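See below for the structure under consideration.
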Amino acid sequence: MYIRDILKEKKPSLSFEIFPPKQDLPVDKVYDTLEKLNTLSPDYISVTYGAGGSNSDRMMEIATTVQGKMNQTALAHFTCVGASKENVESKLIDMQGAGIKNILALRGDIPVGMDASDAFTSYRYASDLVKHIKSTADMSIGVAAYPEMHYASDDRKSDIENLKIKVDAGADFIVTQMFFDNNVFFEFRDIAKKAGIHVPMVTGIMPVLDATQILRMTKMSGCSIPSKLSRMFARYERDNESMRDAGLDYCIEQINQLIENDVDGVHIYSMNKWEATTKIVNACGLR
Ligand code: FAD
């Protein structure tokens, strides 16, 4: 099914993100995780793309299984950094051949080892990729958005103007970067609407299970940590189990407040952890 149609029918939609294991690691565990997550009847499952197209075979293999054998809707992440038009064209043909109808069109970050001058020869921004997909493939296209703005942006105004360019190029829906303060998202949603962005905005939610991991990810992405969360990190610094419990409660409270405030969708960055994801979904009454 096209995600643009799912989002017309379902509010809030429920979806999960899965990442493929590295090429030299076994893939079976991901399929077990997917089976478990699928029992929660999500509306779709997204599969991430390795930086600069590394591990892209695994993304294809897993997304094809989700779409085919599992009879679930797959959302294939896809980045254009360093890619040629021919390379993108051939990947799009493969995806459509595998029955994949939904793509998250991303620019990506310059991978380690790639020269910056080689990174953006065919595509400069994600909007260029959106235009290409729109003109050649019948797919529902999602794009990324950053409630606290993209780390390379100078200011929020230009970041939202750039998001509008991406949406106007042909995106059907938006998936947000993680955020831990819902007010940040509500403000972003209002500003985006005022700027003329009216496609559904699915909220990306990162469960707080491991303080070190969250601190690393927020440092890379520029997401802020609310004081409630930093106090939690300090309090449970030496107690991983209590940290996990408190983090799950935080996430459940966050999602409940988002649902009360009429969000279009909840997309859980599952980090391939089905137990925690299941607890969150059940506690929020999402299924
Ligand atoms: P763009 O939309 O191109 O934006 C990049 C920067 O350029 C921003 O600062 C933007 O404001 C600016 N910009 C955009 N258009 C213009 C313009 N016309 N003129 C001037 N400036 C402009 N990465 C992966 O490698 N694999 C994944 O699977 C993956 N999944 C992701 C899923 C989500 C939900 C999110 C939020 C991010 C994901 N990423 C993934 C990370 C993403 O690739 C990086 O954040 C990357 O740096 C930006 O990608 P983008 O598509 O948002 O780029």
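Bridging of Lys8 to lysines at a Cα separation below 22 Å is possible for Lys101, Lys134, Lys164, Lys166, Lys193, Lys194, once same-chain residues fewer than 8 apart are set aside.
With an 8 Å Cα cut-off and a minimum separation of 6 or more residues, compute the relative contact order for the chain in percent. If you can, show how the numbers build up before the last one.
Values: 486 pairs, mean separation 60.1, N = 287.
The value is 21 percent.
For Lys134, Lys91, the sequence from fewest to most other C-beta atoms within 10 Å is Lys134, Lys91.
So, by mean Cβ neighbours within 10 angstrom, what's the order for 125-132, 30-37 with the highest one leading?
Values: 125-132: 21.8, 30-37: 17.4.
Final packing ranking: 125-132, 30-37.
With just the Cα atoms defining each centre, how far is the range 103-153 from the range 1-60? Give it in Å. A separation of 19 Å, based on Cα centres.
Sequence gap at least 6, Cα distance under 8 Å: using those rules, report the relative contact order of the range 1-88 to the nearest whole percent. Can you show the working numbers first?
Numbers: 105 pairs, mean separation 25.3, N = 88.
Relative contact order, the range 1-88: 29 percent.
Between the amide H of Met114 and any residue lying 5 or more places away or on another chain, no distance stays under 5 Å, with hydrogens modeled in the peptide plane. Relative to the 2.2 N^0.38 Å rule of thumb, the range 42-120 has a C-alpha radius of gyration ratio of 1.11.
Among Gly113, Gly53, Gly82, the largest mean-square fluctuation in a Gaussian network model of the chain (Cα springs under 10 Å) belongs to Gly113. Classify the range 1-137 from the C-alpha gyration tensor, please: rounded if a/c falls under 1.5, else prolate or oblate depending on whether a/b exceeds b/c. In terms of gyration-tensor shape, oblate.
Using a ≥ b ≥ c from the Cα gyration tensor of the range 102-195 (square roots of the eigenvalues), is it rounded, prolate or oblate, where a/c under 1.5 gives rounded and otherwise the larger of a/b and b/c decides, a/b for prolate? Because a/c hits 1.5 or more and a/b fails to exceed b/c, the range 102-195 counts as oblate. Once both labels are positioned 7 Å from their Cα atoms along Cα-to-Cβ, the gap between Glu9 and Glu86 label points is 4.1 nm. Here the Gaussian network model covers the chain, with springs between Cα atoms less than 10 Å apart; of Ser221, Ser158, Ser122, Ser158 fluctuates the most.
His132: net charge of surrounding residues, Cβ under 10 Å, Lys/Arg +1, Asp/Glu -1, itself excluded? Don't skip to the answer; put the middle values down first.
Working: positive: Lys85, Lys131, Lys134; negative: Glu89, Asp128.
In short, +1.
Values quoted throughout were computed directly from the atomic coordinates according to the rules given, and no laboratory measurement underlies them. Everything numeric here is computed off the predicted structure, so don't read it as measured data. Cβ: placed from backbone, ideal geometry, glycine included. Neighbour counts: every protein chain shown.
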